[in-house]
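Let me begin by presenting the structure, written as structure tokens, before commenting on it.
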Amino acid sequence: MDAIKKFFEKKKADAKFKTSGQGHSLSGGGQQRHVPSRSAHSVPHERHVPTNDAQRAGAAALARMEQQTKKTDVNWSLQAIKAQARRELEAEQKALEQMNLSEQDQPPIPKEVNLDAAPMLAVQGVFFSCPLIGPEVATYDEIKRQIREFLYAQVEDDKGISSCLIIHTCNKNKEKVNVCIETLCKYVENIVSNPTEEKFHKIRMSNKAYQERILPVEGTREFLEAAGFVEQELPFNDSTDMFWVFPEEKLNDLVTLEQLRDALVSAEPVRPQLDRSLTILLPAEAATHVDLPAEFFNMTADELKREMQNRAMAVERSQMLLTKAMRERQELREMRKYRFSLIRVRFPDGIILQGTFGVHEKFEEVLKFIRENLVNDWRPFFLSLSGGGKVVETEQSLVELRLVPAVVLNFKWDPSIEDPNLDDSVFLKSDTLMLLQS
């Protein structure tokens with residue numbers, strides 16, 4: 001505050017000095033200025049009114065002085081509090097840094113990591129679809145559940161075909177399904193071959209063959225109803241029992257019964273189809289997305305890890321004693337652990353096409369998958385491994401070609417096709433390139 005006062009006092013002194021009139025040299029020989037003494041009889045000096053320019057200059061000077069006064073009017077208490085808080089924060093930060101440095105010398109505390117939510121998986125899972133029920137893609141169990149619901153929803157419209165598909169699709173034990181189909185066909189053939197034999201028109205439900213072969217299988221009730229059988233309680237021995245009875249009026253339409261039998265024999269199960277999970281990757285993405293999800297293996301991750309460690313140790317001990325044929329057989333046994341294979345196709349421009357395949361699918365399915373995404377799907381091409389060898393055995397499965405659980409194949413157009421209208425730098429369709437991940 002003292003400096004501010006001195007500043008204002010100096011400004012006032014300068015202003016008075018400028019209004020004191022013309023100055024004279026102290027050493028000069030000129031006449032001394034006569035200053036008349038003021039007395040009671042002296043006449044006061046007349047004051048002149050300032051000009052407009054002088055008034056404007058004075059107003060500007062006052063404005064500058066007021067502005068400087070405001071700038072210097074600082075809340076010093078608030079500034080001191082802020083400075084103190086800043087010093088305390090800096091001291092706390094230094095203390096934390098020293099604490100972190102001391103903790104680095106101690107062993108790190110293990111942290112739990114959720115591998116299921118890891119973002120670096122090459123593919124987020126194995127998914128399926130079924131053209132019969134629509135374009136939806138989901139897990140195997142979910143698609144299977146939707147197939148079952150779809151088949152039962154069709155029973156009212158076409159009980160015969162629906163029941164045949166239910167028998168083939170909704171039962172797990174294939175052996176029991178085959179025995180059931182043989183038994184149902186025998187029921188039908190007995191009626192068709194011997195329409196007048198009444199013993200073939202009835203099926204006792206408490207019969208051992210029916211209880212073991214027919215009753216446990218899903219879809220058999222719907223099949224018998226579609227064939228024309230009806231449930232009836234009939235006398236049996238000294239009591240009654242429940243029977244499936246084929247009415248006599250249905251004997252006039254045995255052709256329909258034969259067609260139903262043929263449909264049961266020729267029907268195929270409706271299965272979820274493996275979705276390719278078509279993905280387009282840049283080289284940097286392919287380098288970071290490498291881990292495979294658990295669905296790719298027949299064993300759990302922990303079981304697989306332990307098994308591989310044990311096998312690696314055993315192979316190291318006995319490697320010198322194994323023949324080439326023995327090593328190949330052992331390698332095939334190792335590959336049975338895998339259920340699916342991730343195929344990546346690297347194009348010369350660096351773009352990578354990725355798809356999921358079953359390990360027992362033929363290599364020609366990989367070629368078909370690639371052609372479906374090429375601009376010129378008719379044009380021949382080669383696929384080679386990183387080591388340089390070409391893959392040409394299209395009739396062999398992926399597991400037989402050792403292309404599991406993941407492999408990168410290099411794409412190259414066949415140079416024997418020379419056409420000036422073809423652009424060798426164009427590979428994938430625009431619709432496929434639109435899937436390029438950001």
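If you count only protein heavy atoms with a 1.4 Å probe, what accessible area per residue comes out for the range 345-438, rounded to a whole Å²?
Ligands and nucleic acids excluded, the figure is 55 Å² per residue.
Could you compute the net charge surrounding residue 364? Neighbours are other residues with a C-beta less than 14 Å from the C-beta of residue 364; K and R count +1, D and E count -1.
-3
Where in the range 369-420 are there chymotrypsin sites (Phe, Trp or Tyr not before Pro) that are in a DSSP coil and have at most 14 other Cβ atoms within 10 angstrom of their Cβ?
Numbers: sites: 369, 378, 381, 382, 411, 413; in loops: 378.
Passing both the DSSP loop test and the Cβ count: 378.
Please compute the net charge surrounding residue 239, taking Lys and Arg as +1 and Asp and Glu as -1 over other residues with Cβ under 15 Å from its Cβ.
Values: positive: 204; negative: 233, 238, 241.
Computed value for this residue: -2.
Counting other Cβ atoms within 10 Å of each Cβ, which GluC sites (Glu not before Pro) in the range 181-263 have at most 16 and sit in a DSSP loop?
Sites meeting the loop and neighbour criteria: 197.
Using the per-residue mean of other Cβ atoms lying within 10 Å as a proxy for protection, in what order, highest first, do the peptides 336-347, 424-435 fall?
336-347, 424-435
Could you list the residues of the range 191-227 with an amide nitrogen less than 17 Å from a label point located 7 Å from the Cα of residue 240 in the Cα-to-C-beta direction?
203-206
Which order do 179, 366 take when ranked by solvent-accessible area (1.4 Å probe, heavy atoms of all protein chains), largest first?
179, 366
Tell me, in nm to one decimal, what length is gained between residue 212 and residue 297 on full extension, where the rule is 0.36 nm per residue of separation less the Cα-Cα distance?
Working: separation 85, 0.36 × 85 = 30.60 nm, distance 3.51 nm.
That pair, residue 212 and residue 297, stretches by 27.1 nm at full extension.
What's the center-to-center distance, using Cα atoms, between the range 364-395 and the range 222-248 in Å?
If you average the Cα positions of each part, the centres end up 59 Å apart.
Go through 234, 409 and list them by solvent-accessible area, largest first, probe radius 1.4 Å.
Result of the area sort, largest leading: 234, 409.
Using only Cα atoms, locate the centre of the range 165-200 and the centre of the range 249-296, then give the distance between them in Å, rounded to an integer.
24
Pop out the Kirkwood hydrodynamic radius of the range 366-409 from its pairwise C-alpha distances, inverse of mean 1/r, in Å to one decimal.
11.6
Taking the Cβ-Cβ separation of residue 253 and residue 136 as r and a Förster radius of 30 Å, what is the calculated FRET efficiency to the nearest 0.05?
It comes out at approximately 0.15.
Specify whether the C-alpha gyration tensor of the range 333-438 places it in the rounded, prolate or oblate class, a ≥ b ≥ c being the square roots of the eigenvalues: rounded for a/c under 1.5, otherwise prolate if a/b is larger than b/c and oblate if not.
Prolate is the answer for the range 333-438, as a/c is 1.5 or above and a/b outweighs b/c.
The values are calculated or read from the model by the stated rules, or taken from the named source; none is laboratory data. Predicted model, so just to flag it, every value in this text is computed and none were measured. Neighbour counts are summed over all protein chains in view; Cβ atoms, including those assigned to glycine, are modelled from backbone coordinates with ideal geometry. Please note that ligands, DNA and RNA were not included when accessible areas were found on the heavy atoms of the full protein model with its side chains. Shrake-Rupley method; radii C 1.70, N 1.55, O 1.52, S 1.80 Å.
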